[in-house]
1. Where residues in the range 136-159 are touching a helix residue (DSSP H, G or I) at 6+ places or on another chain (Cβ under 6 Å) and either touching a residue at least 60 places away in the same chain (Cβ under 8 Å) or not in a helix (DSSP H, G or I) (or both), which of them is nearest to residue 17 (Cα to Cα)?
2. Is it true that some residue in the range 103-113 is touching a strand residue (DSSP E or B) at 6+ places or on another chain (Cβ under 9 Å) and modelled with pLDDT of 95 or more?
3. Yes or no: residue 125 farther than 17 Å from residue 35 by Cα and at pLDDT below 95?
4. What strands (runs of 3 or more DSSP E), lying completely within the range 1-119, carry at least 1 residues that are out of contact with any helix residue (DSSP H, G or I) (no Cβ under 7 Å at 6 or more places or on another chain) and more than 16 Å from residue 145 (Cβ to Cβ)?
5. Within the range 33-51, identify whether any single residue is without any contact (Cβ under 8 Å) to a residue 24 or more places away in the chain and loosely packed, with under 14 Cβ neighbours inside 10 Å, and answer yes or no.
6. Taking the range 1-48 on its own, how many of its residues are in contact with a strand residue (DSSP E or B) (Cβ under 7 Å, 6 or more places away or on another chain) and under 22 Å from residue 82 (Cα atoms)?
7. Taking interchain pairs and intrachain pairs at least six residues apart, which have beta carbon atoms under 8 angstrom, with the first residue in the range 71-89 and on the phi < 0 side of the Ramachandran plot and modelled with pLDDT of 95 or more and the second surrounded by fewer than 20 Cβ atoms within 10 Å (Cβ to Cβ) and not in a helix (DSSP H, G or I)?
8. So, in the range 107-124, how many residues would count as being buried (at least 16 other Cβ atoms within 10 Å of the Cβ) and more than 12 Å from the chain's Cα centre (by Cα)?
């Protein structure tokens, strides 16, 4: 799936152990590779942080202000006491988008019911979409793969490149690469 302008993405790994050098991050690099190979994205930022709500929230805000289109976090979405990634993201979201993670969990359900143990959330800060994915290699990549077909349209819409209001006479905006999506009835 190629877009007029490549998606500018960041991948944040949330792990106490990885941040201390006690474990090797496999999920972050796998997500970055999926973004590059399947969406043609440019990975402009990666980071590994401990499960600390304030640090995570600050990273989400910093990267959104830097103009990233998409931020994926991996880790900290489960039920463990230190799993605070959803709370960090919710504290800085301007708008929540629960349907994205609901769709990911529904699409992953046939592979494992454990997908519903993830408390991952989605939302936006300005024109940046943030998805908080599970921390395991399998959980994070399966959740991302479940959304690959709709992420380009979501990013184009956030960028203002899509005029998608359902009118039969809709015309593209003046934004570079703008287009109209016509829906089947």
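The values are calculated or read from the model by the stated rules, or taken from the named source; none is laboratory data. Because the structure is a prediction, the values reported are computed rather than measured. Methodologically, a virtual Cβ is constructed for each residue, glycine included, from the backbone with ideal geometry; neighbour enumeration extends over all protein chains shown.
1. It comes out as 137.
2. yes
3. no
4. 8-14, 42-49
5. Looking through the range 33-51, at least one residue is without any contact (Cβ under 8 Å) to a residue 24 or more places away in the chain and loosely packed, with under 14 Cβ neighbours inside 10 Å.
6. 13
7. That search, which allows pairs on different chains as well, returns 77/83; 77/119; 78/119; 79/119; 83/119; 84/52; 86/119.
8. The total comes to 5.
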